[in-house]
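Each value in this text was obtained by applying a stated rule to the coordinates, not by laboratory testing. Everything numeric in this text was worked out from a predicted model, so none of it was measured. Cβ atoms come from the backbone with ideal geometry, glycine included; neighbour counts cover every protein chain shown.
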Amino acid sequence: MKLTHLLESWRIVQAENRLHRVVLIGLVITNGISALAALRTERAVVLVPPNLTKEVEITRNTASSELKESWGLYLAELLGNVTPATSEFIANALAPLLSTEIYRSVMDAMSEQISAIKMDHIATSFKPRQVNYESETDKVFVTGELTTQGPNSKAETRNRTYEFVLSTRNYRPRLDYIDVYPDEPRTVERLKVLKQPQERPR
């Protein structure tokens with residue numbers, strides 16, 4: 001009687017062990033799938049930069065338009081406020097953000113400007129007036145007033161627009177394109193207007 005009961009208990013224990021093994025294998029498989037899915041899922045980081053009033057979102061290789069506007073404003077103020085003492089610092093701050101396609105041309109242009117600023121003792125200051133993001137071209141336009149002054153000259157103020165194309169690589173901003181001109185933003189709509197033939201006076 002006791003032997004029969006012992007054998008029956010042993011069979012139950014073996015059955016439970018087999019069941020536990022199956023459950024354990026299933027848990028290992030599901031955990032592995034979950035871990036793989038987590039690794040492949042693009043993480044979105046939500047930030048609130050100090051110069052913005054609302055959240056912006058960034059993933060490994062994408063960023064919201066608000067974040068691009070924020071970086072565009074930062075770059076415009078960096079490039080627009082230059083003195084002989086800060087010119088090299090600005091070039092060094094800009095260099096890590098440049099894409100390989102424009103790095104050499106931008107740094108060469110910066111080097112020439114730094115030499116001219118130091119030689120003529122020129123200082124510039126930029127007051128941004130508006131920041132726009134154009135989804136059609138993925139461009140950020142920062143427009144404002146640039147004031148230039150030398151040691152023996154009167155300050156001269158004119159319109160200035162900084163035009164940027166910014167992307168994101170491994171959560172870091174990258175500057176893919178830059179243009180600077182003394183004009184209003186060259187948006188798609190404005191370029192269409194500029195390309196229209198002027199009406200000849202009769």
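Structural remarks
- Applying the condition of being assigned to a loop (DSSP other than H, G, I, E, B) and without any contact (Cβ under 8 Å) to a residue 60 or more places away in the chain to segment 94-132 and asking which residue is farthest from GLU189 (Cα to Cα) yields HIS121.
- Residue match in segment 133-144 (condition: in contact (Cβ under 8 Å) with a residue 60 or more places away in the chain and among the polar types (S, T, N, Q)): yes
- Selection status of ALA91, within 15 Å of the chain's Cα centre (by Cα) and assigned to a helix (DSSP H, G or I): no
- Pick from segment 173-196, criterion part of a strand (DSSP E or B) and without any contact (Cβ under 8 Å) to a residue 40 or more places away in the chain, ranking: farthest from THR143 (Cα to Cα): ASP179
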